[in-house]
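What follows draws every value from the coordinates through simple rules; no lab data is involved. None of these values were measured; they are calculated from a predicted model. Positions of Cβ are backbone-derived with ideal geometry, glycine not excepted, and every protein chain shown enters the neighbour counts.
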Amino acid sequence: MKQTIQQAFDWDLYYTVYIRYSVIAALALLILFFLVLPQEFLGGSVYKLRKETATISEQLPPELEKIAEPPQVVKPQLPVAAETPEEVEATTIEKTEFTEITKKPTETDIPVVPFWAVEVKPQTKSIPKPAYPELARQAGIEGQVVVDALVDVDGKVVDVKIRKSSGNTSLDEAAMNTARGAEFTPAKQRDQLVRVWVSIPFKFNLKSQK
């Protein structure tokens, strides 16, 4: 009976000591377990890619390497007031003289008035004598041509057309070439220079050539 009581007393006395030593021993074994065993047994593994990736580097084409950089924007300088009259004279630009350019009137600016409606009709100054075409002369061809000539504001003929043909092309062309060299006085309508059509007759006669 005394021995049983003594054993119970010893167990109660050393119970807490045994618990402490057991906990310390368990922690030491656990630490040793993590330090000694490899990572595969601990359940941890390094992450690896499922597929291998390859890096491809390409060289830029020469055209892209030669592209020049955009020019730098130059900020405009603000004007600064001159401090002395000398600075004003030094920076003053001399007066530039320009030759005045007068616009020549175009065809649309000058009206064309019918001959019968013109107040001041053009007067003949000179009409050259037409040259008789050699082929028509040798063939004995005669005829009369009426040419309409457009008299400009300076009295010169600027356009011609056949009003009445002679029936021969060479005579008609000779008459038109001669009409281009005719000169008249300018026509006026309400004190304004205008253009007007005038008719010029040309007669080709072999007798007058002899």
Positive-end extreme of charge dipole, the stretch 112-209 - chosen from Gln209, Tyr132, Ser170 (charges on Cβ): Gln209
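Using the Kirkwood radius over C-alpha pairs as Rh, can you work out the diffusion coefficient of the stretch 112-209 via Stokes-Einstein at 4 °C, viscosity 1.567 mPa s, in µm² per second?
Working: Rh = 14.0 Å.
Rounded, D is 93 µm²/s.
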Sorted peptide list for 118-131, 23-36, criterion being average Cβ within 10 angstrom, highest first: 118-131, 23-36
Unit charges on C-beta of K, R, D, E only; dipole of the stretch 112-209, Debye: 200
